[in-house]
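Shown next, in structure tokens, is the structure this report addresses.
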Amino acid sequence: MKKQVTLLKEYTKGLWEINPVFKQVLGMCPTLAVTVSAINGIAMALATTFVLVLSSLIISIIRKLIPPQVRIASYIVIIATFVTIADLVMKAQFPELSKSLGPFIPLIVVNCLILGRAEAFASKNTPVRALFDSLGNGTGFLIVLFIIGSIREILGSGTILGFHIMPLTFEPWLIMILPAGAFLTLGLLMGLANFYVDHKKNKERESIIEKFRSSKQLPTIETEA
Amino acid sequence: MEFFLLFISAAIINNFVLSMFLGICPFIGVSNKFSSALSMGMATTFVMVITAVVSWLIWHLILIPNGLEFLQIPSFILVIASLVQFVEMFIKKVSQPIYRALGIFLPLITTNCAILGLALLIAMKDYTFIEGIFFSLGAGAGFTLALILMAGIREELELADVPKPFRGAPITLIVAGLLALAFMGFAGMIS
């Protein structure tokens, strides 16, 4: 029997513990493609979250009605419906933003993050849990896209959300807004995230050993200088 | 000549993986062995060409004349999913060796955004039927090229002493970044 976790935990795990980009390595195409600027990243992440939350909710509600053999096809149809809504709303309300995101709004359909959460979580849990899980994953995705978008925008054009923040003498690094910059930024960020996790794990292990030693009065191992 | 330029442009200058970020998942997931990268590339190219043909026909003969443009996304993704299923059954019947070589990769192609991206781009750019076929051939060739280049590098990378936090996905992304830099050199080859 799986231990039931609190709803808050269901939400917060998406932020870091199972972060869609850093930990699950899902949804890489939009992460790399649209993060030329922070605003693009935010728009993309919001559209993805919209589709993720609503499709998770619907899938979770009808999870007992779908025969297992055709579940993937049914998920895709549900997701495609919400993506169409998101695409048409973006086109009508924010034509410029929609143009700069290009085919990536329609491509949310094949974002593995959404199908991945549907298959791994929404199809096995109650609607309320699915709602919190998808909100958490969406927020995690938003944070990562915003960070990458900001880094690329600051270094690549010297602005953030359209405001100039770098000194006038700053020469923008053209590479950051080119495709190569996207790969390098994400690769380095992912490496840093792994480094931080390893570092924290090592520290925890050391502190546990330390506690054990001081409480049990074990003989400490002599280390050679 | 015009079609040849379209092919080269889709394959190298606007490479699907390295400059348009389509199909990153298989690019990172299936690029650790040269042989599987080649199989994946070929299977994807095959599905791409068929998808281009079928989605072009649906878009121009069914959706546009009936004013059903808003059904583009659901109909394209259903076409791709059923095509992949059909191709899988067809190959299984016709040639067992090819089926065994491609077997596991075929279902993965459904969620490859390069396929849906290709269908959407052909509709968006209003290519003619023949242009669409050359564009999809070029896209497939470019995808295969990127995949086997990456696989070759990653086979060497296995022996390299990569810092621990960077092993796996991070170093792959950084290598992809360097590859993208190299592909930037092709920009402007065709004006």
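The values are calculated or read from the model by the stated rules, or taken from the named source; none is laboratory data. These numbers come from a predicted model, not from an experiment. No Cβ is skipped: glycine too gets one built from the backbone with ideal geometry, and neighbour counts run over all protein chains shown. Note: areas computed on protein heavy atoms with side chains; ligands, DNA, RNA excluded. Shrake-Rupley method; radii C 1.70, N 1.55, O 1.52, S 1.80 Å.
Structure summary
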quantity	calculated
Which numbered condition residue B:145 misses (of (1) surrounded by fewer than 20 Cβ atoms within 10 Å (Cβ to Cβ); (2) farther than 17 Å from residue B:12 by Cα)	(2)
Boolean, residue B:175 is surrounded by 14 or more Cβ atoms within 10 Å (Cβ to Cβ), facing another protein chain (nearest Cβ under 10 Å) and assigned to a loop (DSSP other than H, G, I, E, B)	no
Breaking point among (1) in a loop (DSSP other than H, G, I, E, B); (2) surrounded by 15 or more Cβ atoms within 10 Å (Cβ to Cβ); (3) at pLDDT 85 or above, for residue B:111	(3)
Counted residues, the range A:36-86 - those being open to solvent by 70 Å² or more (accessible area, probe 1.4 Å) and closer than 20 Å to residue A:143 by Cβ	3
Any hit, the range A:115-130, residues being touching a residue at least 60 places away in the same chain (Cβ under 8 Å), within 10 Å of chain B (Cβ to nearest Cβ) and under 29 Å from residue A:152 (Cβ atoms)	yes
All positions within the range B:109-129 that are farther than 17 Å from residue B:9 by Cα, more than 10 Å from chain A (Cβ to nearest Cβ) and within 17 Å of the chain's Cα centre (by Cα)	B:109
Matching residues, the range B:30-56, being part of a helix (DSSP H, G or I), touching a residue at least 60 places away in the same chain (Cβ under 8 Å) and open to solvent by 10 Å² or more (accessible area, probe 1.4 Å)	B:34, B:36, B:38, B:39, B:42, B:45, B:46, B:49, B:53, B:56
Candidate set from the range A:152-161 (those that are of a type outside the set (Asp, Glu) and closer than 25 Å to residue A:51 by Cβ); member that is surrounded by the most Cβ atoms within 10 Å (Cβ to Cβ)	A:152
Answer residue from the range B:76-107, given it is over 22 Å from residue B:138 (Cβ atoms) and within 12 Å of another protein chain (Cβ to nearest Cβ) and is surrounded by the most Cβ atoms within 10 Å (Cβ to Cβ) among those	B:77
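Each row is one residue, and each column tells you yes or no for (1) among the polar types (S, T, N, Q); (2) more than 30 Å from residue A:77 (Cβ to Cβ); (3) open to solvent by 60 Å² or more (accessible area, probe 1.4 Å).
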position	(1), (2), (3)
A:114	no, no, no
A:118	no, no, no
A:127	no, no, no
A:135	no, no, yes
A:147	no, yes, yes
A:150	yes, yes, no
A:163	no, yes, yes
A:171	no, yes, yes
